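Below is one structure, written out as structure tokens; the observations come after it.
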Amino acid sequence: MRFLFAPLLTACLVGSAAAATAQQFPVPEAKNPDWVLQKIESPTGMPSMQVWSVPDRNASTEDAVRGGVYDGETGALVSFYDPRTAIAYDLRHGILHDRTTNKYYRFHRRGAQPQPQPSIKFL
């Protein structure tokens, strides 16, 4: 009986380690093996509200994604705010806003071509 659990336990540990290494979203000033981040100035025309936040370590990124903004036609996730890291993600334009430092970054997956810089205009 003991011989049956050892391979099962090993498979579970290897599977969980592989899943833990894949990073779903980038985080500035952290190891981002799957992502390329480039610091940028505040996007042109974007209201400069100076929003500061303190990370909430008890919050869940999965809950933040479920509560995000989705495209009504395609159902794709467009943007969301992750209270666990205090980062606002704009997935449509590939921009994230770190609200602890008030810095902006462009991001894309490592090995993928970055999207062209969008012209964001606000009224």
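Points worth noting:
- Estimated D of the range 53-98 in µm² per second, where Rh is the Kirkwood radius over Cα pairs and Stokes-Einstein applies at 20 °C, 1.002 mPa s: 198 µm²/s
- At full extension, GLN38 and ASP63 could sit 6.3 nm farther apart than now, given 0.36 nm per residue minus the alpha carbon distance.
- Note on the range 24-109: along the principal axes its Cα atoms extend 32, 31, 29 Å, ordered by decreasing extent.
Coordinate-derived values only; no laboratory data. These numbers come from a predicted model, not from an experiment.
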